[in-house]
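Each reported figure results from applying straightforward, stated rules to the coordinates on display, with no laboratory input. Nothing here was measured: the structure is a model prediction, and the numbers come from that model. Neighbour counts are summed over all protein chains in view; Cβ atoms, including those assigned to glycine, are modelled from backbone coordinates with ideal geometry.
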Amino acid sequence: MEMLLSGNEAVARGMYEHGGEFASAYPGTPSTEILQTIARFFKADVYAEWSINEKVALEAAVGASYGGARSLAAMKHVGVNVAADPLMTLSYTGVGAGLILVSADDPSLHSSQNEQDNRCYGKFASIPVLEPANSQESLDMMKDAFEMSEKFDTPVLFRMTTRISHSKGLVKIGERRVNDHAGFEKNIAKYVMVPSNASVRHKIVIERLEALKAFAETTPLNKVEMGDRTIGIITGSVAYQYAKEVMPGASFLKLGLGYPLPMKKITDFARQVERLFVVEELEPFYEEQILAAGIPCEGKKWFSNFMELNVERVREGFIAAGVLPKSAAPAKQAEEKVLPRPPVLCPGCPHRGVSMALKKIGVIVTGDIGCYTLSALPPLETVDTCLCMGASISHAFGIEKAKKTKKKAVAMIGDSTFLHSGITALANVVYNRGTQLTIIVDNRITAMTGGQDHPGTSKTLMGEKTNAVDLEAICRAVGVEHVRKIDPYDQEETIKILKEEVDRPAASVVITTRPCMLFPSKIKTERIFHVVLEKCTACGACFRIGCPAISAAEEKNEKGRPKALIDPELCTGCSLCFQVCSSEAIEEVEN
Amino acid sequence: MKNGTTNVLIVGVGGQGVLLASEMLCEVAKVLGLDTKKSEVHGMSQRGGVVTSHVRFGKKVYSPLIAEGEADVILGFEIAEALRWVHYLRPGGTIIVNEQKMIPPITTTGKFSYPEKVEETIQKRVPKTTIIDAYAIAQKLGNTRLVNTILLGVLSNAIDLEEEKWLQVIERMAPKGTGEINKKAFLEGRAIK
């Protein structure tokens, strides 16, 4: 049977078909749907969880693998940085049952803070890297990954990219097959990485890599498609699809196993073609290794390491290299200038009230990873930093310790991000006598990635009830003496309390109490607001809160400035616009 | 329809139903035994953001993305969005636009304004332009959520896929209990030439 599946859905399906029993992840675009699909369709056979962060997700999957279950941990590319600590030594211990680490990279940073190329982790950790090039391969390579993991006693890095994860294609599906594995078997020399054992294991890792190199030469994962021999192209992942479209007649060596490289096969391929190109997204990962092996090839000279490739860019590369005539590209047509539609905080978003108050108070706001980072965009422009998960708290702390800035720094972090990696930072603030305010904007969901549960929501990915982490109790337990709760829809109170806590010469935490308007389900409100145009002076105060429900009316004031209009379909009745309107032009109406 | 592959670029604004429409189009291609791929990016909170879905089908499809200047059809759920992507259309291609305007909040900053005379600009650039008020037709049918099937109906005239397969797929994929009304909406759209 054939289904139309995204790469992420195909990974989930492949994991299920090939006997997977344990899956863990922290949500992160473009990887999130892998675990959602497993939990939705396969939870009778596969245990699936949202872990508190990627390090824990991988460690739990490692435990499950040691314990005899074929396991998978999934995360976005930057999540692997969080999980890098276990990963690097996991390479030494090897696995119990098959273990796959799915890294979903994001070339072009559609939804990320950088565009790092995680194939480099494969080389760094001396573990194999599989690179599916479409949805079918995303499913099929799950089998290869589990088998390689068990055969070579190694974790396998399964490298997706946004275009593989989120593109849909036709996939032939199959039945589930389960392999029998024993439970945890005591083996101190393999599993206890003290120096005396680890040094022995490192030698095994080096030998394993040689065995993997030999495997790379013969595996059908690396496929030669001979065509016209004037041009040879070594490529993998989605770049293969672009190159195939642009150069259908050329000779191809498509790499499904992206590390270690089959150097003999590459040498042989290079000999058979006149001119050798390497077409790969982001880093010159293949190219540098091929050049280091003494094989001349052309890559990044024509195909940039900046942003994702596509048919146009690959074609331009071959035109620039003199392989294709200029006429190969269709005549470029003029683009029309159309206004941007940047992502915005939703109508009724509780983060808006906090950002409005912080703007009024006038502080430095160190931000984090989550929807609230959108407050960095106009018109709010309150968030001043965004680096990685959990950094907001330590940033504010460091700015204070630098003693160069008069303005106080306040940390703004979401509930899921706080649990992911904010708790340790907060304990550090208290321990080292920081005096900052940390605001936990607790909307009780992981919102940015589409509404996933977390340890504070009292519900697991598989839909079971569980005990929730008490954020206030955690803050008190790490030594914060001043913890208060606020309703961010109440501007007067929010400004008053935040001001008091900013001025307090001791570490404090303020936790907001309003849930996300969208997740887990859209909140219906009883009242909404509308603008009485006769009273509206077109002062623009409500425009400056950045609510998508508020737009410019056709009616203008005497100076030609537009009055405001509230879309009743979008208004959620949060009342923030009502609170900033000084001419009483915004009135409540029943919804 | 270069190399036997048909490229349909569906564009609109978050929340308009672009993704379900592109999913249905792929399914029709699949039912007809064609290879098909589609691609879009879902990330950041894209409510009200730009949404594009690339749909390709034919004997064998490689790239999941349509290249600039190679779309056979652009189906615009929102008129300024159709204008934004017009350079993706191949010479001689067709553009089908819902005349609905969605004015983004950024206009209140005064730094950006919604483009004027969008209809004229598109018509001037693209001889094969169809502009319809799908929202009005949906209202007439009693459900504004039918906009996307109406638009698929209009689209069905521009690409060569069997009507019967369309109806099958709509029946199967429409939200529960809305199969009949969605099929009716599709046929309303298909009646527009």
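Packing-based ranking of B:33-41, A:553-561, A:397-405 yields B:33-41, A:397-405, A:553-561, ordered from highest to lowest mean Cβ neighbour count within 10 Å. Using only Cα atoms, locate the centre of region A:245-259 and the centre of region A:566-587, then give the distance between them in Å, rounded to an integer. What the calculation gives is 57 Å, centre to centre. For the residues B:G92, B:G177, B:G76, a GNM of chain B with alpha-carbon springs under 10 Å puts the largest fluctuation on B:G177. For region B:2-190, the share of DSSP beta bridges that are antiparallel, to the nearest 5, is 50%.
Of A:K143/A:K172; B:K140/B:K184; A:K359/A:K403; B:K140/B:K183; A:K168/A:K254; A:K337/B:K124, which ones are farther than 18 Å apart at the Cα?
Working: A:K143/A:K172 14 Å; B:K140/B:K184 12 Å; A:K359/A:K403 22 Å; B:K140/B:K183 15 Å; A:K168/A:K254 21 Å; A:K337/B:K124 16 Å.
Table pairs above 18 Å Cα-Cα are A:K359/A:K403; A:K168/A:K254.
Shape analysis of the protein assembly as shown places it in the oblate category; the axes a ≥ b ≥ c from the Cα gyration tensor give an a/c of at least 1.5, with a/b not above b/c.
Taking every DSSP beta bridge with both residues inside the protein assembly as shown, roughly what % is antiparallel (nearest 5)?
Values: 38 of 105 bridges.
Percent antiparallel among DSSP bridges in the protein assembly as shown is about 35.
In whole percent, what relative contact order does region A:398-518 give with Cα contacts below 8 Å and a gap of six or more residues? Write down the numbers at each step before the final one.
On the way: 191 pairs, mean separation 36.5, N = 121.
Once divided by the residue count of region A:398-518, the mean separation gives 30 percent.
Compared with the dominant Cα axis of chain A, that is its longest principal axis, helix A:391-402 is turned about 70°.
Sum up the charges of everything whose Cβ sits under 14 Å from the Cβ of A:A145, counting Lys and Arg as +1 and Asp and Glu as -1, but leave A:A145 out. Please report the intermediate quantities before stating the final value.
Details: positive: A:R13, A:R70, A:K143, A:K151, A:R159; negative: A:E17, A:E131, A:E137, A:D140, A:D144, A:E147, A:E150, A:D153.
Here the charged neighbours net out to -3.
When Rg is the radius of gyration of the Cα atoms in region A:48-132 and Rh is its Kirkwood radius, what does Rg/Rh come to? Before the final figure, lay out the partial values.
On the way: Rg = 12.5 Å, Rh = 13.1 Å.
Over the Cα atoms of region A:48-132, Rg/Rh equals 0.96.
Both numbers refer to the Cα atoms of region B:28-90; Rg and Dmax are 13.0, 35 Å.
Less than 9 Å Cβ to Cβ from B:H54, Lys/Arg counted +1 and Asp/Glu -1: what total charge do the surrounding residues give? Show your work: numbers first, answer last.
On the way: positive: B:K37, B:K38, B:R56; negative: B:E40.
So the environment of B:H54 carries a net charge of +2.
Rounded to the nearest 10 degrees, the angle from helix A:7-17 to the longest Cα principal axis of chain A is 60 degrees.
Take every pair of alpha-carbon atoms less than 8 Å apart whose residues are at least six positions apart; their mean separation over the length of region A:4-109 yields a relative contact order of 29 percent. Building the convex hull from the alpha-carbon atoms of region A:350-512 and averaging its projection over directions returns 9.0 nm².
The angle between the Cα long axis of helix A:84-93 and the main principal axis of chain A comes to about 30°, on a 0 to 90 degree scale.
Between B:L25, B:I137, B:T52, the Cα set farthest toward the positive side of the dipole of chain B (charges on each charged residue's Cβ, about the Cα centre) is that of B:T52.
For region A:1-149, taking the reciprocal of the average inverse distance between every pair of different Cα atoms yields a Kirkwood hydrodynamic radius of 15.0 Å. For B:G12, neighbours were defined as the other residues whose beta-carbon sits under 10 Å from its Cβ, and their charges (Lys and Arg +1, Asp and Glu -1) total -2. Listed values for region A:205-220 are Karplus-derived 3J(HN,Hα) couplings in whole Hz (6.51 cos²θ - 1.76 cosθ + 1.60, θ = phi - 60°), namely 4, 5, 5, 4, 4, 5, 5, 5, 4, 5, 4, 4, 5, 10, 5, x, and x replaces Gly and Pro. If you model region A:222-327 as an ellipsoid using its alpha carbon gyration tensor, with each semi-axis the square root of five times an eigenvalue, the axes come out at 19, 15, 13 Å, biggest first. Which far-off residues, 5 or more places away or on another chain, put their amide H under 5 Å from the one on A:R275, with H placed in the peptide plane? Hits under the 5 Å cutoff: A:I231, A:G232. Taking chain B as a Gaussian network of alpha-carbon nodes connected by springs under 10 Å, the highest mean-square fluctuation of the residues B:V31, B:V18, B:V154 belongs to B:V31. Once you have a ≥ b ≥ c as the square roots of the Cα gyration tensor eigenvalues for region B:1-129, tell me rounded if a/c is under 1.5, and otherwise prolate or oblate according to whether a/b is larger than b/c. Judged from the Cα gyration tensor, region B:1-129 comes out oblate (a/c at least 1.5, b/c at or above a/b). Across peptide A:74-86, the average count of Cβ atoms from other chains found within 10 Å of a residue's Cβ is 0. For a test of the definition: using alpha carbon positions, the gyration tensor, and the 1.5 limit on a/c, classify region A:122-182 as rounded, prolate or oblate. Oblate is the answer for region A:122-182, as a/c is 1.5 or above yet b/c matches or exceeds a/b. The amide H of A:L324, built 1.01 Å from its N in the peptide plane, has A:I319 as neighbours under 5 Å, considering only residues 5 or more places off or on other chains. Its relative contact order, with pairs defined as Cα atoms under 8 Å and 6+ residues apart, puts chain A at 11 percent.
Please report, in debye to the nearest 20, how large the charge dipole of the protein assembly as shown is about its Cα centre when each Lys and Arg carries +1 at its beta carbon and each Asp and Glu carries -1 there. Show your work: numbers first, answer last.
Details: 92 positive and 93 negative charges, 189 e Å.
Dipole size: approximately 900 debye.
Sum -39500 (n - 2.57) across every DSSP H segment of at least 4 residues in chain A, then divide by the residue count to get the 222 nm mean residue ellipticity, nearest 500. Walk me through the numbers before you get to the answer.
On the way: 21 runs with 210 residues, N = 591.
After summing the helix terms and dividing by residue count, I get -10500 deg cm²/dmol.
Per-residue mean of foreign Cβ neighbours for B:54-67 is 5 (Cβ atoms of other chains, 10 Å radius).
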